[in-house]
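Novice: Sending over a structure as structure tokens; questions will come in a sec.
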Amino acid sequence: MDINETMSLLLVSAFCAVQIAYALSQCLDLYFFTRPVNWVDPNTARDKPADEYPYIVLFYPVLRELESTMRTTFLSLAQLEYPKDKFSVVAIPNADDAFTVRSLRRLQKEFPFLQIIEVPATSHKSWLVVWKAWDRCKKAYWWHEGKFAQNRNLPPKKTRQLIYAFYQIAERVMDTQDFLVNYIDADSCPPSDHFLAAAAGMGQYDVLQAQNIAGNLNASWAASWHAFDHMAWDGSKYPHLSANGKHPYWVLGKGLFFRASDLIALGGFHPWLTIEDPEVGMRFWTNGKRLGVIENPLIEEVPLTFAHGITQRKRWVAGFFQSLTHPLKAMGMPWPARFKAWLNFLPCLSLSLNSIGLPLGIWATWSAWTGQNILPDWAIVLSLANLVVFTLSMSALYVRTWRRAALVLPARKDRIRYLLRVNPVFILLWWLVWLVPLWIGFRMFLRNEGLVWERTEKTDANHDLVRVARTKKSSATARSTAQSKLPTAIRAGAEKTS
């Protein structure tokens, strides 16, 4: 065999391998879309008496945030259609984050519903409630086994803030009644029926997850591409993870609800992962907790630059790898379920196959059409099938994107502009760029990095989407908040800790 024949054989083999891998990725998409979705209808809660609504504690972990960004979030929270004596909003900055604490104190005068718990260093005596809770709970496996066992020097990031605030409040109020845990990011703007969805869904499900959508779709080219990730995952594939409880799921890190008693029983949040979202969701599933999906999304910001987007995505990737290795066995997930859990990550890992497989498929089809084909017939058929499936799946995705974009881009011309920015050619390029955070995130996983909060810059991009006039009216109403034992206990705990 001469060198030309050898090269031809290598090219054909590489082409066939890519097309087979691409076909498998398409089959994975088909698998997800055949899973049923367990939707939550918030309107069913409107027929319930208000005294039957669950009490909700919304945690708000923040780090060096712009005051304007937090104000926009609080303006959206002031519009919540929920009894004022049935929820608390608890901001949880680090005690040494003086800039954010000062901003929150000023905002507290404008938004009386806001409470603040400052999170001290883990050497502070108030952390004892956490160590005792973990001592009692074997499900907090990181505390009982492995290299981080009994390690109190928790890494300084969002998870540590959530752990501290959750156990502080639970210690004070669980004797009174159970409550629902909800948390959001600094820039998250929940819809007005967000809490109503919790009241509607928790009678049927154990965990609820709201979808997310970016409000700054057209703020920059980078923002448009970053936002498309949410269109393709949060607004498309993710709801199918509910699957009548038959498929392992993870949560999205904001806009979710679960019972405080369930979180205590499962050991709280795992502090030694870059992101807590995948692991805590899979731990809930492993212990029989079913997921319901809230369609009305939170509005959030996406990064305005590619550099910030890569910073955010590399942390996601590192957290996915971390959560899908040792934790799955430690939480007791059986191996068939562990295989399914890995399927959740494969669409992210295989993004670049679209960018490589599609052009190769076009080339193969063209070569066969012009009579210059060097490929076996089955490879041509497979390439053509891949092209057809890709066209159909992307068409369906763009239809969903057009409809979802209307939530934040009511003007038709703005939605057209967005779809032009995320046309298939540009998205194929973006999926190639995804190789960068995939590689960096994998390297972070190998080196056990990412345990310090590396925050994504927020710019208060969604202020104009919050209806200020209605919010001011709602804020005024909040000043007459009724008192109950539960919010009183929470408020007293917040003041004491601060």
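Novice: For Ile440, what charge total do you get from the other residues with a beta carbon under 10 Å from its beta carbon, if Lys and Arg give +1 and Asp and Glu give -1?
Specialist: Charge balance near Ile440 sits at +3.
Novice: Among 295-307, 451-463, what's the highest-first ranking by average C-beta atoms within 10 angstrom per residue?
Specialist: So the order, starting with the most tightly packed, is 295-307, 451-463.
Novice: If you don't mind, another one. Would you please give the residues with an amide H less than 5 Å from that of Gly292, counting only those at least 5 places away or on a separate chain, with H modeled from the backbone geometry?
Specialist: Residues meeting the amide H criterion: Asp206, Val207, Leu208, Gln209.
Novice: Where the only charges are on Cβ atoms (+1 Lys, Arg; -1 Asp, Glu), what is the dipole of the chain about its Cα centre, to the nearest 20 debye?
Specialist: The dipole magnitude comes to about 960 debye.
Novice: Please find the FRET efficiency linking Leu28 to Lys246, where r is the Cβ-Cβ separation and R0 is fixed at 22 Å, and quote it to the nearest 0.05.
Specialist: 0.85
Novice: List, in order, the whole-Hz ³J(HN,Hα) value for each residue of region 375-390 obtained from phi through the Karplus relation with A = 6.51, B = -1.76, C = 1.60 and θ = phi - 60°; use x for Gly and Pro.
Specialist: 9, x, 4, 5, 5, 5, 4, 4, 4, 5, 4, 4, 5, 5, 5, 4
Novice: Tilt of helix 158-173 relative to the longest C-alpha principal axis of the chain, in degrees (0 to 90, nearest 10)?
Specialist: 40
Novice: Moving on to the next point. Which value, in debye to the nearest 20, gives the size of the charge dipole of region 378-444 about its Cα centre, when Lys and Arg are +1 and Asp and Glu are -1 at the Cβ?
Specialist: 360
Novice: Could you tell me which label, among (1) 63; (2) 69; (3) 52, carries the value of percent of Cα pairs over 29 Å apart calculated for this structure?
Specialist: Computed from the coordinates, percent of Cα pairs over 29 Å apart corresponds to (3).
Novice: Let me ask something else. Can you send over the carbon and sulfur percentage of the accessible area for the chain, probe radius 1.4 Å, protein chains only?
Specialist: Percent of accessible area from carbon and sulfur atoms in the chain: 60.
Novice: Using a 1.4 angstrom probe, figure out how much accessible area the chain has per residue, in square angstrom, rounded to the nearest whole.
Specialist: Spelled out: the 1.4 Å probe surface of the chain, per residue, equals 42 Å².
Novice: How far is helix 351-369 tilted, in degrees, relative to the longest principal axis of the Cα atoms in the chain, given as a value from 0 to 90 rounded to the nearest 10?
Specialist: Orientation of helix 351-369: about 20 degrees from the principal axis.
Novice: Under the rule of at least 5 residues apart or a separate chain, name every residue whose amide H is placed under 5 Å from the amide H of Lys157.
Specialist: Under 5 Å from the amide H of Lys157: Trp453.
Novice: Ok, one more. Restricting to DSSP loop positions (anything but H, G, I, E, B) with no more than 16 other Cβ atoms inside 10 Å of their own Cβ, which trypsin sites (Lys or Arg not before Pro) remain in region 111-184?
Specialist: Here the trypsin sites (Lys or Arg not before Pro) that fit, given the DSSP loop and packing criteria, are Lys138, Lys147, Arg152.
Novice: Here is a further query. Could I have the simple spin-label model distance between Ser393 and Leu343, label points 7 Å from Cα toward Cβ, reported in nm to one decimal?
Specialist: Between Ser393 and Leu343, the simple spin-label model gives 1.4 nm.
Novice: Follow-up. Can you tell me what share of the DSSP beta bridges in the chain is antiparallel? A percent to the nearest 5 is fine.
Specialist: 25
Novice: Can you tell me the 0 to 90 degree angle between the C-alpha axis of helix 424-433 and the longest principal axis of the chain, rounded to 10?
Specialist: 70
Novice: Amide H of Leu256 versus every other amide H placed in the peptide plane: which residues, excluding those fewer than 5 positions away on the same chain, fall under 5 Å?
Specialist: Counting only residues 5 or more places away or on other chains, the set is Tyr183, Ala210.
Novice: Suppose each label sits 7 Å from its Cα in the direction of the beta carbon; what would the Ala21-Trp131 distance come out to in nanometres?
Specialist: 4.9
Novice: Another question, if that's okay. Taking the Cα-to-Cβ direction at Asp96 and at Phe442 and moving 7 Å from each Cα, how far apart do the two end points lie in nm?
Specialist: The answer from the label model is 3.6 nm.
Novice: Tell me, how many Å apart are the Cα centres for region 266-336 and for region 171-220?
Specialist: 16
The values are calculated or read from the model by the stated rules, or taken from the named source; none is laboratory data. Source: prediction; values computed, not measured. Glycine also receives a Cβ, built like all others from the backbone with ideal geometry; neighbour counts cover every protein chain displayed. In case anyone asks, the SASA skips ligands and DNA or RNA and just uses the protein heavy atoms, side chains included. Shrake-Rupley method; radii C 1.70, N 1.55, O 1.52, S 1.80 Å.
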